[in-house]
Amino acid sequence: MKSQSAPVPGKGPLVFVTAVAVALVILAITVLPHFISSGAKGSVGPQLATAGVRSFPVTEMASGTAVPASELEVNFVNSGQLVEIDAKVGLVVTAGMVLAKIDPSVAQSDVLQATADVAEAKSSTLISRDFSDAQAAIAAAQAQLQRAQDELADTTLVAPSAGTVLEVNGQVGEIASGAATAQPTLPGTSAPIPAVAGTGISAGGGTASPTNLPFIVIGDPSNLVVGAAFSSNAAADLSAGQTGSITADTVSGLAVPCHLLAVAADPTLIDGAYMFWASIVPNKPSGQLRSGMAVDVTIAVGQANNVIAVPQSAVYTLGGVPHVDVWHGNHAVSTVVGTGLQGTELVQITSGLSAGEQVVLAAFQGVP
């Protein structure tokens with residue numbers, strides 16, 4: 001029978017503590033330098049760019065909305081209560097197709113009365129001694145009948161041409177107006193000026209209301225034009241035929257080549273600033289561009305040649321004055337600069353910075 005050796009009093013805990021201490025030392029020696037090294041490698045400085053003499057296209061940018069290039073507003077000739085609406089948004093129609101009807105009862109009564117008047121005038125010729133007067137009475141009655149028949153026909157609204165229904169502004173039971181306020185159009189097109197997002201302004205600056213909207217709008221949603229509002233300074237550099245690109249934040253990779261069709265002669269007051277509407281036409285149809293889509297338009301208006309320039313992301317405004325952060329002695333030094341021509345990515349520096357100096361991108365705004 002084996003005898004078990006008794007533990008040495010007081011040594012068990014000491015051995016355990018010693019082992020833990022040794023393990024911690026080994027961990028500190030082998031692992032901690034790795035973390036210190038990783039931390040040092042992970043530290044990066046600011047992203048810099050060097051001011052240099054460059055040439056680049058000068059551009060003007062604006063936000064806009066894609067709308068059908070040609071739209072046809074369809075309204076009843078006379079006002080009346082809507083009793084039938086056959087048109088729906090998205091419906092493809094052909095010329096002569098019935099779109100809606102208003103209550104025809106009054107017009108029908110007028111036709112019946114005018115028909116009776118014609119019959120009476122004709123019967124009067126049999127007993128009339130003055131043939132010419134009788135013929136004049138018949139002609140007048142027939143003219144009145146024709147007017148009554150035309151008014152009856154006008155209670156049915158038909159499509160004047162083929163297209164797609166883009167808007168229907170009314171419901172059965174409502175009173176359809178016999179006329180709609182003419183909507184201002186984009187320069188060089190028949191497309192109404194689009195609404196300005198977030199301002200409640202539409203149709204060239206007027207406040208939109210149901211009373212001045214066309215009853216039905218027909219157009220071609222695949223043939224689009226972009227209505228864009230440019231600032232007064234930008235509009236001075238715009239002219240028909242200039243080329244550019246249409247992009248959209250909501251569609252990754254969208255870049256549709258385009259050209260400027262026309263610029264409005266008169267400004268429109270939009271959200272407290274005078275802006276000029278311009279019509280931008282895609283050079284070819286794009287399946288990614290949709291009616292009603294908010295887009296950005298960049299138009300090339302000139303060329304900057306051999307000027308000192310930096311990326312636009314290096315320039316920021318402080319107190320209404322443009323600045324850049326010059327990287328000097330491992331510090332970002334906020335510096336006032338003068339700016340000139342602007343491109344899609346570059347901006348001309350006219351003062352405050354020399355070629356070869358480095359500036360901070362996404363500027364630190366003077367913070368070391």
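The values are calculated or read from the model by the stated rules, or taken from the named source; none is laboratory data. Keep in mind that this is a model prediction, so the values were computed, not measured. When we count neighbours, we look across all protein chains shown, and the Cβ atoms used for this are built from the backbone with ideal geometry, even at glycine. Remember, those area values only see protein heavy atoms, side chains included, never the ligands or the DNA or RNA. Shrake-Rupley method; radii C 1.70, N 1.55, O 1.52, S 1.80 Å.
Extents of region 59-137, taken as max minus min of Cα coordinates on every principal axis and listed largest first, are 84, 32, 22 Å. Between Glu71 and Ser190, Ala191, the built amide H atoms are under 5 Å apart, and every one of these is 5 or more places off in sequence or on another chain. Over the Cα atoms of region 274-368, each weighted equally, I'd like the Debye log10 I(q)/I(0) at q = 0.12, 0.16 Å⁻¹, rounded to two decimals. Calculated log10 I(q)/I(0) at the listed q: -0.54, -0.77.
Net charge in the neighbourhood of Ile102 (other residues with Cβ under 9 Å of its Cβ; Lys, Arg +1, Asp, Glu -1) is -2.
First compute the accessible area of region 54-132 with a 1.4 Å probe, then give the percent of it belonging to carbon and sulfur atoms. Intermediate values should be presented prior to the final figure.
On the way: 2570 of 4580 Å².
On region 54-132, the fraction of accessible area on carbon and sulfur atoms equals 56 percent.
For region 305-368, the share of accessible area belonging to carbon and sulfur comes to 52 percent (1.4 Å probe, ligands and nucleic acids excluded). The alpha-carbon of Lys122 sits under 16 angstrom from the alpha-carbons of these aspartates and glutamates, leaving out residues fewer than 8 places away in its chain: Asp130, Asp133.
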